[in-house]
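Read the structure below first, then the notes.
The values are calculated or read from the model by the stated rules, or taken from the named source; none is laboratory data. All figures in this text were calculated on a predicted structure; none of them were measured in a lab. Here the Cβ is made from the backbone with ideal geometry for all residues, glycine too, and neighbour counts use every protein chain on show. Heavy atoms of the whole protein, side chains included, go into the accessibility calculation; ligands, DNA and RNA do not. Shrake-Rupley method; radii C 1.70, N 1.55, O 1.52, S 1.80 Å.
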Amino acid sequence: MSGQRSSPEEAAGLYVYAIVPADLDPATLGAGIDAQPLELVTVAEGVAAVVHRHDAPPYAGSDRDAERRVLEHGNVAERCWAHAGTVLPMGFNVIVTRGEEDSARERLAEWLRHSAPALVERLAALHGGVELRVEISLDEQAAARESPEARQLEEDLRTRPPGVQRLLRKKLATLVRQEAEARADHLYQGYRRRLAGLSRDVAENLRGHPPEGYVTVLNVSLLASREEVPRIGGELTDIQAEDPAVRVQFLGPWPPFSFASMPNTPRAESEPGTL
């Protein structure tokens with residue numbers, strides 16, 4: 001890192017939105033969170049960071065404010081993506097701070113120079129790519145409709161006394177869930193293979209919950225070329241049409257947030273795991 005002392009005019013920190021190619025036109029950046037003016041920290045190695053000067057702690061406040069700021073953060077990444085064709089979005093609340101002798105700008109620039117080969121390679125790999133979120137789930141009742149044991153339990157419910165019916169309903173609910181989960185496991189590999197064949201990469205989503213009465217078959221993010229989006233949509237339409245028990249949710253295209261892996265940043269004041 002540089003040994004120059006930071007000047008009083010330097011901001012105490014820099015809030016970082018994204019890594020972009022160094023030739024991105026700063027005029028396309030617009031404003032960031034809370035209408036903060038945006039700027040580029042650019043290095044000769046061909047990469048830049050989109051930032052605003054930040055002299056405050058990491059953002060906190062009400063849920064409403066947090067939701068708005070996360071949206072504004074994402075809008076910056078989307079604009080960069082639209083103008084540059086590629087972007088490595090940062091997580092929310094990543095702030096590079098001033099060091100003992102180096103300004104936040106110097107520390108960020110040093111990291112950019114050090115990490116430039118990996119960043120340039122990743123930006124090139126993501127160029128022209130979009131992220132699509134696909135969730136396929138299975139209606140429990142429809143999935144278990146062919147089970148002889150489930151049909152027998154349903155028949156027994158019509159003739160047994162109320163006390164026994166309560167026990168049978170619990171047993172039936174457990175059976176229906178197990179049948180649906182077994183069928184979901186069976187369908188998973190085939191659906192994943194079909195979508196992977198149309199995508200550059202596939203990332204499993206650990207978050208997300210199916211609607212009440214459904215089990216998850218597959219919940220993934222796809223990295224795909226923009227021109228492949230209609231084909232992926234057509235494949236999902238076919239999957240939906242093939243099985244009336246299947247529910248398909250298809251969102252995007254977005255910047256490739258799930259595929260923006262990058263080297264460790266300089267020490268930042270941020271929530272753990274946001275990079």
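Tally time: how many residues in region 183-204 are touching a Ser or Thr at 6+ places or on another chain (Cβ under 9 Å) and open to solvent by 70 Å² or more (accessible area, probe 1.4 Å)?
Selection size over region 183-204: 2.
Which residues, taken from region 228-246, are touching a residue at least 12 places away in the same chain (Cβ under 8 Å) and among the small types (G, A, S)?
Result: G233, A245.
If the requirement is being open to solvent by less than 50 Å² (accessible area, probe 1.4 Å), under 16 Å from T86 (Cβ atoms) and either free of Cβ contacts under 8 Å to residues at least 60 places away in the same chain or in a strand (DSSP E or B) (or both), which of these qualifies: L40, L14?
Values: L14 fails: under 16 Å from T86 (Cβ atoms).
Testing whether each residue is open to solvent by less than 50 Å² (accessible area, probe 1.4 Å), under 16 Å from T86 (Cβ atoms) and either free of Cβ contacts under 8 Å to residues at least 60 places away in the same chain or in a strand (DSSP E or B) (or both) leaves just L40.
Find the residue count for region 205-224, including only residues that are outside any loop (DSSP other than H, G, I, E, B) and open to solvent by less than 40 Å² (accessible area, probe 1.4 Å).
9
If you check V20 against the conditions, is it modelled with pLDDT of 95 or more, in contact with a helix residue (DSSP H, G or I) (Cβ under 6 Å, 6 or more places away or on another chain) and either surrounded by 17 or more Cβ atoms within 10 Å (Cβ to Cβ) or part of a loop (DSSP other than H, G, I, E, B) (or both)?
yes
Taking R122, is it farther than 13 Å from A245 by Cβ and either hydrophobic (A, V, I, L, M, F, W, C) or modelled with pLDDT of 95 or more (or both)?
Considered against the rule, which asks whether it is farther than 13 Å from A245 by Cβ and either hydrophobic (A, V, I, L, M, F, W, C) or modelled with pLDDT of 95 or more (or both), R122 comes out as no.
A quick yes/no check of all residues on (1) without any contact (Cβ under 8 Å) to a residue 60 or more places away in the chain; (2) open to solvent by 50 Å² or more (accessible area, probe 1.4 Å); (3) assigned to a loop (DSSP other than H, G, I, E, B):
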| residue | (1), (2), (3) |
| --- | --- |
| V76 | yes, no, no |
| H83 | yes, yes, no |
| E101 | no, yes, yes |
| R107 | no, no, no |
| E110 | no, yes, no |
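Among the listed residues P58, P89, identify the single one that is in contact with an Asp or Glu (Cβ under 6 Å, 6 or more places away or on another chain) and modelled with pLDDT under 95.
After ruling out the rest, the residue left standing is P58.
From the list E242, E227, E269, which residue is more than 19 Å from R79 (Cα to Cα), at pLDDT below 90 and open to solvent by 80 Å² or more (accessible area, probe 1.4 Å)?
Checking each option against the conditions leaves just E269.
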